[in-house]
Number of protein chains: 2
Amino acid sequence: MITLKDVAETIGCDVSTVSRVLNGKPNRVSEANRNRIHEVARQLGYIANRTASSLASGSTHTVGVLVSNVFDGVYAEYIEKLDLAFSEAGYSLRPFICHNRPDKEALALDALLHHEVDAMISMHYSRECEDVYVRIKQHSGKLIFRSVARIPEISFDHVLIDLEEGYRELSLHLARQGCRRIAVVGGSVASLLTLGGKSDSVQFFKDGIRAGGLAEDSSGGIVCADEQESAYQAVKKLYGKQKSPPFDGLIVQSINKVVGVCRALQNCGFAIPSDVKVATFSDLPLCRLFPVPLTVWAQPVQEICSALVETTLRRLKSPEMPPTVFKFKSSLIVRESSGKDIMEKKK
Amino acid sequence: MITLKDVAETIGCDVSTVSRVLNGKPNRVSEANRNRIHEVARQLGYIANRTASSLASGSTHTVGVLVSNVFDGVYAEYIEKLDLAFSEAGYSLRPFICHNRPDKEALALDALLHHEVDAMISMHYSRECEDVYVRIKQHSGKLIFRSVARIPEISFDHVLIDLEEGYRELSLHLARQGCRRIAVVGGSVASLLTLGGKSDSVQFFKDGIRAGGLAEDSSGGIVCADEQESAYQAVKKLYGKQKSPPFDGLIVQSINKVVGVCRALQNCGFAIPSDVKVATFSDLPLCRLFPVPLTVWAQPVQEICSALVETTLRRLKSPEMPPTVFKFKSSLIVRESSGKDIMEKKK
DNA sequence: GTGAAAGCGCTAACAG
DNA sequence: CTGTTAGCGCTTTCAC
């Protein structure tokens with residue numbers, strides 16, 4: 001392996017000079033040496049050892065991003081956009097996938113503690129790992145949340161999205177479109193609605209239900225895991241062999257589940273939007289190109305990513321700065337899945 | 001920051017002893033010291049600096065995987081499966097996304113050269129980066145290809161999938177299902193069929209066409225970029241305002257494009273499979289749950305991932321071993337999109 | 001402008 | 001069983 005030392009020795013100068021030149025450090029290196037160094041480095045096939053520079057300089061120039069999976073188009077989109085944005089800023093993005101498992105989540109967060117990355121963006125928070133987050137706060141603080149609500153226990157930078165409000169807007173919208181019974185498919189909201197329990201999202205959902213003129217007991221949850229197949233099974237089980245649909249409005253928590261939901265409805269002989277109206281979160285390309293284009297509560301993903309990158313870079317520069325909080329506004333995009341045509345005819 | 005040295009000093013022993021204990025090195029450390037070291041390390045909140053261990057030990061315990069994007073479910077699936085498999089083997093997977101850009105591809109490969117990862121799995125090869133691959137061969141050799149054909153110029157480990165044969169099997173299948181004019185949507189095959197030019201895949205495709213009893217000029221290509229939207233536009237442009245479909249059989253190169261293709265056909269008033277039959281590669285969950293379940297040339301992804309992990313670990317262990325080549329067999333799964341019902345009625 | 005020197009934090013012989 | 005001794009390859013002050 002060719003090292004800085006090798007280059008320095010064949011030239012007869014010091015490693016520090018070579019280092020300066022090869023890293024394009026500001027001023028002061030003679031033209032002559034500069035050229036010679038570049039030339040020799042190339043000839044010898046010198047390749048810097050980044051592990052060594054990271055150790056010496058104390059920075060890896062890498063930012064981690066923690067996601068639950070990468071199969072969901074939403075995360076894929078964030079990762080691709082963040083990757084591009086960070087590489088423009090001279091950093092590289094390193095995705096960590098936790099598969100919804102706290103052990104993997106902790107392992108990913110360890111990368112920050114162990115100095116494998118300079119900072120970490122977390123798009124997945126589970127209570128089980130709270131102690132790790134506390135440790136991070138003590139040791140580094142270079143963690144940025146992209147989440148729905150502020151993690152109150154510890155103070156980190158936050159980039160917030162208004163998914164909670166989405167539950168209100170979507171349930172209200174569906175009610176206005178004529179739905180009489182509205183359910184949430186998947187996620188914690190579905191669980192809480194089914195098993196009982198409260199959360200801000202549930203509250204927002206119920207607000208929408210009421211504002212839409214429906215009784216609270218006209219709503220419910222359909223519990224399923226975070227996969228296309230689970231959603232399919234759950235909906236099929238509930239709707240199979242029914243003459244009329246148990247719920248005529250569905251708010252589906254993620255795009256993967258929409259796929260399962262739509263297929264299940266189709267299998268059970270129910271049409272979208274005439275029998276059942278469907279809406280979801282995140283405006284992926286798939287939402288427009290779906291056989292029945294989907295009504296969505298759409299986040300400004302590009303802006304969110306920019307905010308994440310900015311926040312991260314700022315935090316890296318000024319570690320002691322007090323935590324910042326951004327909150328982004330989503331918007332309702334109405335398409336055929338919730339009866340766009342009906343709406344337009346009314347007008 | 002608490003270092004090994006701090007732990008050693010508060011105990012009054014040497015850093016090497018602490019290192020041994022904390023890394024669970026085989027034999028020989030007294031029970032007494034062992035416990036004391038663990039305790040003090042915990043109390044002080046010691047966290048190992050992995051950059052430093054990587055430098056000292058010469059290994060990062062990280063394997064990179066280079067993909068063109070992560071939005072395509074196929075890559076997402078590989079990444080998730082590889083991630084799981086590698087973490088069981090004590091390695092962590094680091095995805096690199098090149099967005100089909102040679103500059104980003106080279107940058108990702110640099111990570112291997114610069115010792116940021118111990119090995120790299122490449123699922124994306126572009127000729128433009130050939131020089132980088134040559135460099136890698138000289139300097140490291142720890143590159144494993146998951147590809148369709150062997151990269152002949154340089155000898156690396158290969159895990160091959162039979163996508164080429166897929167073009168033959170799918171075109172033959174569509175012909176047998178009654179298609180008279182068959183086209184390939186997207187990818188290099190579509191380009192070569194349109195602009196002229198040869199490749200093994202094109203040859204296989206034409207073999208299938210002939211074997212299916214069709215004339216060679218009854219086939220064609222529909223060129224588009226690797227996105228849902230591009231495929232949509234390309235097909236819409238070709239099929240719009242036509243009374244009968246220009247091609248009644250479509251082999252679509254990736255799942256994202258299928259989404260665009262199906263939507264375009266629907267928009268143009270053509271039904272699947274009665275007017276146009278569709279088939280694609282890779283059996284993702286989406287293929288079964290699609291409104292019209294998709295006929296696919298299905299790869300054994302789990303086995304492929306196992307082979308990739310095994311190959312990588314073996315290469316890491318024995319760098320001098322001659323390159324190995326695995327080839328996996330796919331299988332045809334017939335579903336409604338190519339007229340499964342029709343087939344069954346015939347029987 | 002350039003070199004000398006002191007680390008970054010950890011690992012891994014080797015010697016006792 | 002444990003300490004000593006060298007590094008790993010690079011960065012970065014500080015003199016000259």
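The values are calculated or read from the model by the stated rules, or taken from the named source; none is laboratory data. Keep in mind the model is a prediction, meaning the values are calculated, not measured. When we count neighbours, we look across all protein chains shown, and the Cβ atoms used for this are built from the backbone with ideal geometry, even at glycine. Only protein heavy atoms, including side chains, enter the accessible area calculation; ligands, DNA and RNA are left aside. Shrake-Rupley method; radii C 1.70, N 1.55, O 1.52, S 1.80 Å.
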**Study point:** For residues of B:298-309, the mean tally of beta carbons on other chains within 10 Å
**Key:** 0
Study note, to complete from the structure: What the 10 Å binned alpha carbon P(r) of the stretch A:258-347 shows, as percent of pairs per bin from 0, is 15, 34, 22, 15, 11, 3
Point to revise | Derived scalar couplings ³J(HN,Hα) [the stretch B:248-254; Karplus, 6.51 cos²θ - 1.76 cosθ + 1.60; whole Hz; x for Gly, Pro] | key: 9, x, 10, 9, 9, 6, 8
Study note, to complete from the structure: Within 10 Å of the Cβ of an average residue in A:92-103, the count of other chain Cβ atoms is 4
Review point. Where does the stretch A:257-304 land on the Kirkwood hydrodynamic radius, alpha-carbon pairs, in angstrom?
Key: 11.5 Å
Check your understanding: Along the charge dipole of chain B, which of B:Thr62, B:Gly90, B:Pro291 sits closest to the positive end, that is, farthest toward it, with unit charges on the beta carbon of Lys, Arg, Asp and Glu (+1, +1, -1, -1)?
Key -> B:Pro291
Review point. Any idea what the relative contact order of the stretch B:83-213 is, in percent, if you count C-alpha pairs under 8 Å spaced at least 6 apart?
Key: 16 percent
Review point. Quick one, what does Rg over Rh come out to for chain B if you take C-alpha atoms and the Kirkwood Rh?
Key: 1.13
Point to revise | Within the accessible area of the stretch A:79-162 (1.4 Å probe), percent carbon and sulfur | key: 48 percent
Study note, to complete from the structure: Per the stretch A:167-230, sqrt(5λ) over the Cα gyration tensor eigenvalues, sorted largest first, in Å, gives 19, 13, 10
Check your understanding: Taking the Cα centre of each part, how many Å lie between the stretch A:37-112 and the stretch A:271-347?
Key -> 27 Å
Study note, to complete from the structure: Bounding extents of the stretch B:217-301 in its principal axis frame from Cα atoms, largest first in Å, are 39, 26, 26
**Study point:** Label point 7 Å beyond Cα along the C-beta direction, distances from B:Ser30 to other copies (nm, shortest first)
**Key:** 6.0
Check your understanding: Got the relative contact order for the stretch B:4-48 handy, in percent, Cα pairs under 8 Å and 6 or more residues apart?
Key -> 44 percent
Check your understanding: At a 1.4 Å probe, which residues in the stretch B:239-263 are at least 50 Å² less accessible with all protein chains present than in their chain isolated?
Key -> B:Arg263
Check your understanding: So how compact is the stretch A:185-330: Cα radius of gyration and Dmax in angstrom?
Key -> 18.2, 62
Point to revise | Cβ-based net charge around A:Ile136, under 14 Å, with every Lys or Arg adding one and every Asp or Glu removing one | key: -4
**Study point:** Rg and Dmax [Cα atoms of the stretch A:38-153; Å; Rg one decimal, Dmax integer]
**Key:** 16.4, 56
Point to revise | Dipole of chain B [Lys/Arg +1, Asp/Glu -1 at C-beta], most positive-end residue of B:Met120, B:Val235, B:Leu22 | key: B:Val235
Practice item. Write down the accessible area per residue of the stretch A:4-48 in Å², having rolled a 1.4 Å probe over the full set of protein chains. Key: 64 Å²
Study note, to complete from the structure: Whole-percent tail of the Cα-Cα distance distribution for the stretch A:4-48, cut at 11 Å, equals 61 percent
Check your understanding: What full-extension length gain, to one decimal in nm, is calculated for B:Ser274 and B:Ser87 as 0.36 nm per residue of separation minus the Cα-Cα distance?
Key -> 62.7 nm
Review point. How big is the C-alpha Rg of the protein assembly as shown next to the rule-of-thumb value 2.2 N^0.38 Å, as a ratio?
Key: 1.06
Point to revise | Normalised contact order of chain B, rounded percent, pairs of Cα under 8 Å and 6 or more residues apart | key: 15 percent
Exercise for review: For the stretch B:50-162, report the accessible area per residue in Å² (1.4 Å probe, heavy atoms, rounded to an integer).
Suggested key: 35 Å²
**Study point:** Net charge dipole size for the protein assembly as shown [Lys, Arg +1 and Asp, Glu -1 on Cβ; Debye, nearest 20]
**Key:** 1340 debye
**Study point:** Average projected area [Cα convex hull, the stretch B:76-116], square nanometres
**Key:** 3.2 nm²
Check your understanding: Based solely on its DSSP helices, what 222 nm [θ] is calculated for the protein assembly as shown when runs of n ≥ 4 H residues each add -39,500 (n - 2.57) and the sum is averaged over all residues, nearest 500 deg cm²/dmol?
Key -> -14500 deg cm²/dmol
Exercise for review: Report, for A:Asp103, each distance to the same residue's label point in the other copies, shortest first and in nm; define the point 7 Å along Cα→Cβ.
Suggested key: 4.3
Check your understanding: When all protein chains stay in place, what accessible area (Å², nearest 10, 1.4 Å probe) is found for A:Glu310?
Key -> 100 Å²
Review point. Copy-to-copy spacing for B:Ala225, label 7 Å out on the Cα-to-C-beta vector, in nm, shortest first?
Key: 3.7
Point to revise | Convex hull of the stretch B:210-262 built on C-alpha atoms - directionally averaged projected area, nm² | key: 4.1 nm²
**Study point:** B versus A: buried accessible surface, summed, Å² (probe 1.4 Å, to nearest 100)
**Key:** 4800 Å²
Check your understanding: Counting Lys and Arg as +1 and Asp and Glu as -1, each charge on the Cβ, what is the dipole of chain A about the Cα centre in debye, to the nearest 20?
Key -> 720 debye
**Study point:** Tail weight of P(r) past 18 Å, computed on alpha-carbon pairs of the stretch A:15-77, percent
**Key:** 55 percent
